[in-house]
Structures are given as C-alpha cells and as structure tokens.
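Here the structure comes first, spelled out in structure tokens, and everything after it is commentary.
The values are calculated or read from the model by the stated rules, or taken from the named source; none is laboratory data. Quick caveat: nothing in here was measured; it's all calculated off a predicted structure. A quick note on method: Cβ atoms are made from the backbone with ideal geometry, for glycine too, and the neighbour counts reach across all protein chains shown. Just the protein is used for accessible areas: all its heavy atoms, side chains included, with ligands, DNA and RNA removed. Shrake-Rupley method; radii C 1.70, N 1.55, O 1.52, S 1.80 Å.
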Amino acid sequence: MKIGIIGLGLIGGSLALDLKALGHRVWGTSRRPATVQAALAMGAIDEGITHLATIPPDTDLIVICTPIERIVPCLGEMVDYLPAPTIVTDVGSVKAPIVTAGQKLWHRFIGSHPMAGNANSGITAAQRGLFIDRPCAVVGQPEEEIAQIIGALWRSVGMEVYYCEATEHDRAVAWISHLPVMVSASLNLACKEESSDRVQALAANLASSGFADTSRVGGGNPELGRMMAQLNRTALLNALAHYQRVLSNLQHTIEVGAWEDLETMLKEAQSLRQIYIKSC
Ligand code: NAP
C-alpha cells in the first residue's frame, strides 16, 4: 500500500518506521522541513512532501498524527487534494469531536486511537515496535470496509484492535487516561500544601519509586492535559465526580476508624487493578 503520515513525531514517526519495515511505500509531511529531513535520514519515510497539495495521487491511506488540535484543520486543508478512494484516519486521544467533524469533511474518514506512547516526543523519539501488544480503538463497526482496513493496519504493527462508538471511546478513556492525569496532577499540587518548609524539603528528599509511579502522568505535557479536558469535558467531569465520591468515602472510613471496611475497600482496589492493567 502507499501510505501517508502527517505529523512525524513520536506516534507518526514510529508508525512510519513500522510500516516501511512491513514493505509499504510511505510518504510523510510535518510542520517543520527539518523533521521531514530527519525522517528521511532515519529511513522512516521514502518520500517527504512539503505541501498537502502535492499528496501522491496513488495514496491508499493517510494517518494524521499531528497534535490533537491540528487533526481536523489538517484534514480540512487536504480534502481538496485527496484522491477519492483514499482512506484517512487519525490517532487523536479524544474521538467524538474529531470523528464528527472528520466525517463531515471526508467520506472515507475513520477515527482510531492507538494506546501506545511514552514520555518523549518528536521525531527523535520515534522507535520501531512501539505498538506491539498494545490496544487500539477503531471507531466503527467491524463489518464496515474501511474499519476492516484500518483494523488490519493497526494489527499489522502488533496492536489488539477494539471497535467502538466515539462516545464510548471517550467515556472509557476518561476513566483510564484522563481521570488519572487529573488525579496525579492534584497529588503533585496537594504536596505543596504542607505548612512546614522543613517537612516539605524532607518529603522531596524521601520521595521514591511509589511517588514516581503515582505522580508520573500528572507531571506530563500540560498542553496535552488541557486539550484532553477541553475535548472530553463531559466524560471527564463525570469521572471526576465519581472519583471525589469514592475518595470521600475512603476519607470517612479512616475518620471513623472502620479499619476492616478500609481493608475490604483496599482489597477490592487491589483486584480491580489487575483487570485494568492486564496488558501492561
Ligand atoms: P509529538 O511527538 O509531539 O508529534 C507530533 C508531531 O506533529 C510533532 O513532532 C510536529 O512535528 C508535528 N506537527 C505539529 N503541528 C503540525 C502541523 N500543523 N502539521 C503537520 N505536523 C505537525 O506528539 P505525539 O505524542 O506523537 O502525538 C501525536 C498525536 O498522537 C496526538 O494527536 C495525540 O493525541 C496522539 N497520541 C499520543 C499518544 C502518546 O502517548 N504520545 C498516544 C496515543 C495517541 P514538527 O517537528 O514538524 O513540528
């Protein structure tokens, strides 16, 4: 297949590397010409293009891997130049607003969300095998032709594909991705409430792997966190409201010294965790 990648960063660059290794012909474009040059130099793409007006006419499939707020504008900029049979997908971490706008702009647009990544960004972070054994959401029905093609694309780079509605996706990621960012960020913010400078400095010196685990996602890219909250506001607010209720319940259990109840709750938390991290 001839495949185009728009936005050659961690996700786009890694996907390009894997698709090229599978024998596809891959072209790419990015905001900065230097990024396209770097992608060419590292063998992630066969061809770089500088303007969407020059999309190769035999392109079968395009994956938009730009920052989330640029996905729909990028699609809008390219529709006049797209060959009619070309399928376009994206990798944005919120789906309903992108899929709604995307399907109005292009008749063969379908949303996806590969759940893979790390704390790094940009073309220098791109790596082979990033998607292996990770889950990927595809917004569509498994019997639809373009959903099958996009499902097969993500499977070919090692992903486990789950078909769903856009709103189901957004509600699901509110629980397991967007809520954790806000919980972890509030943990980081709460630590500065310690009134003694000496104790605060001691806490900073004593913080180790447990704090590193729980604070990691709250210490990530603030722009990304803001975009998640803006684009998935309703589902995130719902998850936050439930979280606050559960936290208050835990607090009350401690206040009244109901230690057996607390242990029961923590046992349930322990077993629930296994359900959510089985593929990690
Ligand atoms: P990233 O490493 O920052 O890559 C995005 C790249 O897009 C940048 O390197 C930038 O390249 C390029 N870009 C920026 N504006 C552009 C534009 N207007 N047109 C073309 N290219 C542009 O970010 P990422 O982590 O790969 O994330 C990209 C997308 O993947 C986001 O939509 C995100 O929601 C989604 N996603 C991320 C993860 C994750 O964990 N990182 C996981 C799943 C999905 P230049 O060097 O040219 O500026």
Problem set entry | Evaluation of residue 15 against (1) under 19 Å from the mean Cα position of the chain (by Cα); (2) at negative phi; (3) near the ligand (Cβ under 7 Å from one of its atoms) (one fails), failing number | (3)
For this session: Name every residue in segment 41-72 that is open to solvent by 50 Å² or more (accessible area, probe 1.4 Å), within 13 Å of the ligand (Cβ to nearest atom) and free of Cβ contacts under 8 Å to residues at least 40 places away in the same chain, in order of residue number.
Result: 50, 51
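Is there a residue being more than 11 Å from the ligand (Cβ to nearest atom) and either among the aromatic types (Phe, Trp, Tyr) or at pLDDT below 95 (or both) anywhere in segment 90-104? Break it down stepwise before answering.
Start the filter on segment 90-104 by keeping residues that are more than 11 Å from the ligand (Cβ to nearest atom), which leaves 96-97, 99-104.
From what is left, the residues that are either among the aromatic types (Phe, Trp, Tyr) or at pLDDT below 95 (or both) are none.
The answer is no, given that none of the residues of segment 90-104 is more than 11 Å from the ligand (Cβ to nearest atom) and either among the aromatic types (Phe, Trp, Tyr) or at pLDDT below 95 (or both).
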Exercise. Touching a helix residue (DSSP H, G or I) at 6+ places or on another chain (Cβ under 6 Å), more than 8 Å from the ligand (Cβ to nearest atom) and assigned to a helix (DSSP H, G or I) - does that describe any residue in segment 110-125?
Worked result: no
Problem set entry | Test for residue 132: is it among the aliphatic types (A, V, I, L, M), more than 11 Å from the ligand (Cβ to nearest atom), in a loop (DSSP other than H, G, I, E, B) and within 17 Å of residue 12 (Cα to Cα) | yes
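Could you tell me how many of the residues in segment 145-171 are free of Cβ contacts under 8 Å to residues at least 24 places away in the same chain and either in a loop (DSSP other than H, G, I, E, B) or more than 16 Å from the chain's Cα centre (by Cα) (or both)? Break it down stepwise before answering.
Just the residues of segment 145-171 that are free of Cβ contacts under 8 Å to residues at least 24 places away in the same chain, to begin with: 145, 148, 151-152, 155, 168.
Now restrict to residues that are either in a loop (DSSP other than H, G, I, E, B) or more than 16 Å from the chain's Cα centre (by Cα) (or both): 145, 148, 151-152, 155.
Residues that pass the stated criteria total 5.
Yes or no: segment 79-86 includes at least one residue that is among the hydroxyl-bearing types (Ser, Thr, Tyr), away from the ligand (no atom under 16 Å from the Cβ) and in a loop (DSSP other than H, G, I, E, B). Show your work before the answer.
Initial filter on segment 79-86 (among the hydroxyl-bearing types (Ser, Thr, Tyr)): 81, 86.
Then keep just the ones that are away from the ligand (no atom under 16 Å from the Cβ); that gives 86.
Imposing the further condition that a residue be in a loop (DSSP other than H, G, I, E, B) reduces the set to 86.
Checking segment 79-86: at least one residue is among the hydroxyl-bearing types (Ser, Thr, Tyr), away from the ligand (no atom under 16 Å from the Cβ) and in a loop (DSSP other than H, G, I, E, B).
Restricting attention to segment 195-217, and to residues there that are within 30 Å of residue 277 (Cα to Cα) and among the aliphatic types (A, V, I, L, M), which single residue is modelled with the lowest pLDDT? Step through it out loud before you land on a result.
First, the residues of segment 195-217 that are within 30 Å of residue 277 (Cα to Cα): 203-217.
From what's left, among the aliphatic types (A, V, I, L, M): 203-204, 206-207, 212, 217.
Numbers: 203: 96, 204: 96, 206: 97, 207: 96, 212: 95, 217: 92.
So, considering only residues that are within 30 Å of residue 277 (Cα to Cα) and among the aliphatic types (A, V, I, L, M), the one modelled with the lowest pLDDT is 217.
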